[in-house]
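The block underneath contains the structure these notes are about, expressed in structure tokens.
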Amino acid sequence: MEVKETLREALVKLIEAAATSLPRDVEEALVRAYEIESSPAAKSFLKAMVENVKIARKKKLPICQDTGVVLFYVKVGDKFPFTGALLSSLREATVEATRRVPLRPNTIDVFSGKNPGDNTGRNMPWAEWEVVEGEEAEVTVMLKGGGSEVVGRAKTLVPAEGIKGIMKYVIEAIYEAGPQPCPPVIVGVGIGPTVSVAMKLASKALLRPVGQRHEDPEVAKLEETLLRAINDIGYGAHGMGGKVTAFDVHIDYAARHPASLSVAVVLGCWATRRASMRIKKDGKVEYTSHPELNEV
Amino acid sequence: MIRLKTPLGEEVRELNVGDVVYLTGTVVTMRDAGHRRAAELFARGESLPVDLRGLALYHAGPVVRRAGEGWEVVVIGPTTSTRMEIYEAEVIERTGVRMIIGKGGMGARTAEACRKHGAVYAVYPGGAAALQAEQVVRVLGVHWLDLGVPDAMWVLEVKDLGPLTVAIDSKGRNLYEEIYREARRRIDEEIYPRLGIK
């Protein structure tokens, strides 16, 4: 098989894994939430969600009927030999995965209102490329549902508002989102000189595994403080009232401008669906988030 | 845990906010476009293709596939109910439906209609679509397919559909309103003072 075909096939499998098999870190957080929850309604919901994840994986069914929009995050080495093949495979794999999994066709043209039925459209599937040193490439796919996205937001604060201003902005975002983003959520927070930088960092923060802290101890501490505050709000699973409103808070930042302190909040639903793979310089693929795929 | 069967009747009035219910019987799906069409039919004095009296109405758009002459549900799950708020009170009043199922909560007009006509609004955990597909026994029929698969009116036989949590009961309580109010109180009185936020 040519490298391009191998890559396309590998990407279809990656999308299928994302849609049907919750990443281990998210599943563990879900099980933990079920174990510690004491509110009966939230606990019964969490139990159903845990069971749902198992059924979806076993039967290769989508975890959620909203299979989201397809977002790719690509890290490509400067000496990786198949950048072109990878670039053209992303769209083809999306079309094929829509048919095969099946995914719900979710992309709608903004102006004509037409749905092509294959999860593609202008600029979709979305892909963010980053060039790094090396011979390999790493691809992560995220299937982002509508419910958690409608409550994403960004704002430029006055620098005098400081870290407390950021905390307040995040807490109010969670308060107003209520049950809409299907909690327990993963909270991505980006801070930086512009709203676009902050939003980009916030979106990417959702890729970090649940439970992993930022490498800067001060940021890590802020993540913990915010996580506790958000869980103290008491929404619980699906807003039923309970202990676990968020699985985790992930913050990333860029140096700011003297006049601006931009902050962005992006939420991942309880079923934050992502899958990653590494492509070697010989074109061989290794699944990193779903290692069980390597054995087949 | 409470088990209920359709046709539902006055026993619905005994349910309380927070009760966890499993439902067996007939549920009918209707979401955005379906509610719009229902409103048009009511305005012309016509009725829905399915008599909803004593049944449950579900805010959901399933993924389905053909199975011989009929249909099979691949996965199904609730959609956000607030979009149906402007229509629901009239649906409850005109049809005698006893249970509305969705996610995310509904507003004051629906709550008032529930109180008046002895209905409840219950929520299903969003995103638990594979589990729920197992609770659908079969597709009894479909109407309004011209609206597209998600928006069509699917008539489903379900067994132990749940967990459903009663979020609006017939006694005037609304779970989400209470939880929002308590969340605001905790933020203002406990969380912000602790963090030194004004």
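The values are calculated or read from the model by the stated rules, or taken from the named source; none is laboratory data. Quantities reported herein were computed from a predicted structural model and do not represent experimental measurements. A quick note on method: Cβ atoms are made from the backbone with ideal geometry, for glycine too, and the neighbour counts reach across all protein chains shown.
Considering only residues of region B:125-151 that are small (Gly, Ala, Ser) and surrounded by fewer than 22 Cβ atoms within 10 Å (Cβ to Cβ), which is nearest to the other protein chains (Cβ to nearest Cβ)? The extreme case among them is B:148. When region A:243-261 is filtered for residues that are crowded, with 24+ Cβ neighbours inside 10 Å and either of a type in the set (S, T, N, Q) or assigned to a helix (DSSP H, G or I) (or both), only A:245 remains. Cβ-Cβ contacts under 9 Å between residues 6 or more apart (or on different chains), taken from a first residue in region A:151-178 that is more than 19 Å from residue A:269 (Cβ to Cβ) and in the same structural domain as residue A:226 (by TED's automatic domain parsing) to a second residue that is assigned to a helix (DSSP H, G or I) and of a type in the set (Asp, Glu), are listed as A:168/A:161; A:169/A:161. Every condition in (1) within 14 Å of chain A (Cβ to nearest Cβ); (2) within 21 Å of residue A:41 (Cα to Cα); (3) not acidic (Asp, Glu) is met by residue B:111 except one, and the failing one is (1).
Has region B:39-48 got any residue that is within 14 Å of another protein chain (Cβ to nearest Cβ) and touching an Asp or Glu at 6+ places or on another chain (Cβ under 7 Å)?
No, because not a single residue in region B:39-48 is within 14 Å of another protein chain (Cβ to nearest Cβ) and touching an Asp or Glu at 6+ places or on another chain (Cβ under 7 Å).
If you go through region A:112-156, how many residues are among the aliphatic types (A, V, I, L, M) and at pLDDT below 95? Residues flagged as among the aliphatic types (A, V, I, L, M) and at pLDDT below 95 within region A:112-156 amount to 2. Restricting attention to region B:156-177, and to residues there that are among the hydrophobic types (A, V, I, L, M, F, W, C) and more than 12 Å from every other protein chain (Cβ to nearest Cβ), which single residue is surrounded by the fewest Cβ atoms within 10 Å (Cβ to Cβ)? Only one residue tops the list, namely B:158. Please note which helices (runs of 4 or more DSSP H) are completely contained in region A:140-242 and include at least 2 residues that are more than 14 Å from chain B (Cβ to nearest Cβ) and farther than 29 Å from residue A:41 by Cα. The qualifying helices (runs of 4 or more DSSP H) are A:195-205, A:217-233. With the structure loaded, tell me whether residue B:64 is farther than 18 Å from residue B:172 by Cα, hydrophobic (A, V, I, L, M, F, W, C) and part of a loop (DSSP other than H, G, I, E, B) or whether it fails that test. Here the answer is no, as residue B:64 does not meet what is asked.
Restricting region A:123-137 to residues that are within 21 Å of the chain's Cα centre (by Cα) and in a loop (DSSP other than H, G, I, E, B) leaves a set whose member that is surrounded by the most Cβ atoms within 10 Å (Cβ to Cβ) is A:125. Hey, does region A:112-120 have a residue that's free of Cβ contacts under 8 Å to residues at least 60 places away in the same chain, among the polar types (S, T, N, Q), within 14 Å of chain B (Cβ to nearest Cβ) and surrounded by fewer than 20 Cβ atoms within 10 Å (Cβ to Cβ)? So far as region A:112-120 goes, yes, one or more of its residues are free of Cβ contacts under 8 Å to residues at least 60 places away in the same chain, among the polar types (S, T, N, Q), within 14 Å of chain B (Cβ to nearest Cβ) and surrounded by fewer than 20 Cβ atoms within 10 Å (Cβ to Cβ).
The number of residues in region B:8-31 that are without any contact (Cβ under 8 Å) to a residue 12 or more places away in the chain and assigned to a strand (DSSP E or B) comes to 0.
Please verify whether region A:275-287 includes one or more residues that are within 14 Å of the chain's Cα centre (by Cα), within 15 Å of residue A:184 (Cβ to Cβ) and assigned to a strand (DSSP E or B). No; the residues of region A:275-287 include none that is within 14 Å of the chain's Cα centre (by Cα), within 15 Å of residue A:184 (Cβ to Cβ) and assigned to a strand (DSSP E or B). Where helices (runs of 4 or more DSSP H) sit wholly within region A:1-101, those with at least 2 residues that are away from chain B (no Cβ under 14 Å) and either at pLDDT 95 or above or surrounded by fewer than 18 Cβ atoms within 10 Å (Cβ to Cβ) (or both) occupy A:3-20, A:24-36, A:83-100. Looking at (1) in contact (Cβ under 8 Å) with a residue 12 or more places away in the chain; (2) in contact with a Gly (Cβ under 9 Å, 6 or more places away or on another chain), which is the only condition residue A:52 fails? Residue A:52 satisfies all of (1) in contact (Cβ under 8 Å) with a residue 12 or more places away in the chain; (2) in contact with a Gly (Cβ under 9 Å, 6 or more places away or on another chain) except (1). Within region A:179-209, being in contact (Cβ under 8 Å) with a residue 60 or more places away in the chain and within 30 Å of residue B:107 (Cβ to Cβ) holds for A:179, A:181, A:182, A:183, A:184, A:185, A:186, A:187, A:188.
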